[in-house]
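The values are calculated or read from the model by the stated rules, or taken from the named source; none is laboratory data. From a predicted model like this one, the values you see are computed outputs, not experimental measurements. Neighbour counts are summed over all protein chains in view; Cβ atoms, including those assigned to glycine, are modelled from backbone coordinates with ideal geometry. Side chains are part of the model used for accessible areas, which takes the heavy atoms of the whole protein and leaves out ligands, DNA and RNA. Shrake-Rupley method; radii C 1.70, N 1.55, O 1.52, S 1.80 Å.
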Amino acid sequence: MTFIFLLAIFMSVCLIVTLFALKPDTLKPSKLYFSFIIFTVIVWISFLTGFFTIFSDEFSLILWNSCWIGLLIVGGFTFIYECKNSLVFACTALLTSLINGGFYLLAKFIASM
C-alpha cells in the first residue's frame, strides 16, 4: 500500500514538473481526463472511509466490482483519447488506471484466500 502511495506522489510530481517545463498553451487536458481523476478520487475516498461496508454483502460486492472495473474502462478510454492530445496526460491516465487495476486484483486475491 505504501508503494502505491509513493508511486502516486511520484506521478503527481512528474506531472507538475512537466506542466511547468512546457508552455501552458501546449498542454490542456480534456474534460474526460478530469472526470477520470475525479472518479478515481471518489472511489479511493469511498474505499478508505469504509463506504462499501455499510451495505449488505451482495450489494457491496456488486458496487465494489462495478466501481473498480468502471475505473479501468474509463482509464482506458481516457488513455486512448488523450494520446491524440497530450502524451503526458495519456501516460498519467494509463499509470493511474494500472494502479487501480493492480489494487483491484490484489484485493480480489486477498478476499479469495
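The length gained on full extension between residue 112 and residue 34, counted as 0.36 nm times the residue separation minus their Cα-Cα distance, comes to 24.7 nm. Once the Cβ-Cβ distance of residue 48 and residue 77 is raised to the sixth power relative to R0 = 22 Å, the FRET efficiency obtained is 0.30. Among 68, 44, the order of accessible area from largest down is 44, 68, computed with a 1.4 Å probe on protein heavy atoms.
Accessible area per residue of segment 26-92 at 1.4 Å probe, in Å²? Please list the in-between numbers first.
Values: 4100 Å² over 67 residues.
Normalised by residue count, the accessible surface of segment 26-92 is 61 Å².
When the alpha-carbon atoms of segment 65-113 are used, the pair Rg, Dmax equals 12.3, 43 angstrom.
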